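A.B. asks: Dropping a structure here in structure tokens format, bear with me for questions.
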Amino acid sequence: MSYCINPNCPKPQNSDNQLFCAACGSELLLPGQYRILGKLGSGGFGTTYEVDDAGTAKVLKVLHLNEPKAISLFQQEAKVLE
């Protein structure tokens, strides 16, 4: 299954062979290579997804707020995970 990360998508689940979301038309491969497999969780600042990168499982976190405090916390988390 491919998952659409458009927050306004009414039906984010799609079949694996689609390149664009059937419900909203958003691109399903980010940026052209990462296929979103599903939503792992969400919180106040962002949403975390499981992605496939040519057969390798990875995690993608999308920041939803464009505020200095949210960006700072996001960057701190990235450094810890690095």
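A.B. asks: For the stretch 33-44, indicate whether the set of residues that are surrounded by 15 or more Cβ atoms within 10 Å (Cβ to Cβ), at pLDDT below 90 and under 22 Å from Ala78 (Cα atoms) is non-empty.
C.D. replies: no
A.B. asks: Which residue pairs have Cβ atoms closer than 8 Å, lie 6 or more positions apart in sequence or on different chains, and pair a first residue in the stretch 1-15 that is surrounded by 18 or more Cβ atoms within 10 Å (Cβ to Cβ) with a second residue that is in a loop (DSSP other than H, G, I, E, B) and among the β-branched types (Val, Ile, Thr)?
C.D. replies: Once the first residue is surrounded by 18 or more Cβ atoms within 10 Å (Cβ to Cβ) and sits in the stretch 1-15, its partners that are in a loop (DSSP other than H, G, I, E, B) and among the β-branched types (Val, Ile, Thr) give Pro12/Ile5.
A.B. asks: Counting only residues that are surrounded by 13 or more Cβ atoms within 10 Å (Cβ to Cβ) and either small (Gly, Ala, Ser) or touching a Leu at 6+ places or on another chain (Cβ under 6 Å) (or both), which one in the stretch 45-61 is modelled with the lowest pLDDT? I'd like the intermediate steps shown before the answer.
C.D. replies: Residues of the stretch 45-61 surrounded by 13 or more Cβ atoms within 10 Å (Cβ to Cβ): 45-52, 60-61.
Those left that are additionally either small (Gly, Ala, Ser) or touching a Leu at 6+ places or on another chain (Cβ under 6 Å) (or both): 45-46, 48-52.
Values: Phe45: 83, Gly46: 87, Thr48: 92, Tyr49: 93, Glu50: 95, Val51: 95, Asp52: 94.
In this case the residue turns out to be Phe45.
The values are calculated or read from the model by the stated rules, or taken from the named source; none is laboratory data. Being a predicted model, the structure only gives us computed values, none of them experimental. Ideal geometry is used to build each Cβ from the backbone, glycine not excepted, and the neighbour counts take in all protein chains shown.
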